[in-house]
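*Asks:* Right, I'll just put the structure down here and ask away after.
Only the coordinates and a few stated rules stand behind these numbers; no lab work does. Treat the numbers as computed from the prediction; the structure is a model and nothing was measured. All Cβ positions, glycine included, derive from the backbone under ideal geometry; neighbour counts span all protein chains shown.
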Amino acid sequence: MRLILLSAFAVVKLMSPAPDTPYREPQLAASPKLVAMAFGSGTGVYVATSADRGETFSQPVRIAESPVVPLSRHRGPRIAIVADAIVVTAVVGKTEAHSEHSHGLPSDGDLFAWKSVDNGRTWSKGVRVNDVSAAAREGLHTLASDGRGTLYAAWLDLRKEGTRLYGAWSADSGATWSKNALVYESPDGTICQCCHPSAAFDEHGGLDVMFRNCLGGSRDFYLLHAGANRQFGKAEKLGTGTWKINACPMDGGGIAHDGGRTVTAWRRGEELFLDEPGHQEQKLGDGKDVALAAGGGRVAALWIKESKLLAWSAGKTEVLAEQAAFPNLVALPGGGFLAAWEDDGAIKTQTLRF
């Protein structure tokens, strides 16, 4: 298992100041002038920025604090960059749920958005995105930007019995959000209850949303597309196989666009796959927690296998780190990728050029 990196870059490490509040679940966004990273720690949501493509990062800024900030199994904050702002979304609450399956989650969780117009130094007051109180309490959501001023957020919604996929649009860089709209509900009564959705805009302003369904005893990923009219079409299953499982895998995937291609990555059983709609699925390897990015005609992926962080591109794989969790990946404008991951309470980042 070996992939030759054309250029080697040093690992950057962000250490938490307190061992009982580790830095958790990093998420990256990049523009030609800025890289921004959101993550959680204890009861806070934080952002660190880089003006040199991830070679160094600013001191983290706490942008929000709440008694309950879910930071398990991909429930951390999301981040996006628009033309004039950085926007972060996160589910937060005031009271922790105490049911058997909800440890660490808020009983009153809502999805909030915060905005910075000075490259992450100061932040606006949070704006609630879900328009029914506590509907986003599962904590799993996604945020996508068209790079200009339009944003889209989707989340696992609990406003009624069963789990549905809901979403909202923002046309003003996250300052206000549209009325919530049902994106998908399963005829079996619920979609997969604990796998985060993913979303990405294409080069023409269209939007793709990927989620794990629960249908006929199978928990497979499906893709929805909305064009310029913002109306979603029929949900289309991804991949040729199926995963029959009467449990939640607690593992989402990733979606990216590049050069007219729509590329997805996701887990089925213990295997990870790369899939383009209309093409044969391609096995990446075995593992979990896959992250995906695409840019400049190249696709790259990260995932975890037996605590190791693996990096993949063009059919070749190498071990990037011996100990890691919850990786994230972003394509850098001008070439290359930036990876981020958890490492024993800290967050590490590294630039990759394949």
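*Asks:* Quickly work out the T56-to-H279 label distance, labels modelled 7 Å from Cα along the C-beta direction, and quote it in nm with one decimal.
*Replies:* Result for the modelled spin labels: 3.9 nm.
*Asks:* Sticking with this one: Convert 20 °C to kelvin, take the viscosity as 1.002 mPa s, use the Kirkwood radius over C-alpha pairs of region 1-144 as Rh, and evaluate the Stokes-Einstein diffusion coefficient in µm²/s, rounded to a whole number.
*Replies:* My calculation gives 134 µm²/s for D.
*Asks:* Report the one residue of V263, T349, G233 whose Cα lies farthest in the direction of the positive end of the charge dipole of region 211-354 (charges on C-beta: Lys and Arg +1, Asp and Glu -1; origin at the Cα centre).
*Replies:* Highest projection toward the positive end goes to G233.
*Asks:* Packing-wise, with mean Cβ within 10 Å as the measure, how do 191-198, 159-166 rank, highest first?
*Replies:* 191-198, 159-166
*Asks:* Here's another thing I want to ask about it. Through the Karplus equation 6.51 cos²θ - 1.76 cosθ + 1.60, θ set to phi - 60°, convert the phi angles of region 27-37 into ³J(HN,Hα) values in whole Hz; use x for Gly and Pro.
*Replies:* 9, 10, 9, 9, 10, x, 10, 8, 10, 10, 10
*Asks:* Same structure again: Just flag the trypsin sites (Lys or Arg not before Pro) in region 124-158 sitting in loop per DSSP whose Cβ has no more than 13 other Cβ atoms within 10 Å.
*Replies:* K125, R148
*Asks:* How about region 214-300: which trypsin sites (Lys or Arg not before Pro) there lie in a loop by DSSP and see at most 12 other Cβ atoms within 10 Å?
*Replies:* K234
*Asks:* Dipole magnitude of the chain about its Cα centre, charges +1 at Lys/Arg Cβ and -1 at Asp/Glu Cβ only, in debye to the nearest 20?
*Replies:* 300
*Asks:* Restricting attention to region 230-275, which GluC sites (Glu not before Pro) occupy a DSSP loop and are surrounded by at most 16 other Cβ atoms within 10 Å?
*Replies:* E270
*Asks:* Right, next: Taking the inverse of the average 1/r across all pairs of different Cα atoms in the chain, what Kirkwood radius in Å do you get?
*Replies:* Taking every pair of different Cα atoms in the chain, averaging 1/r and inverting gives 20.0 Å.
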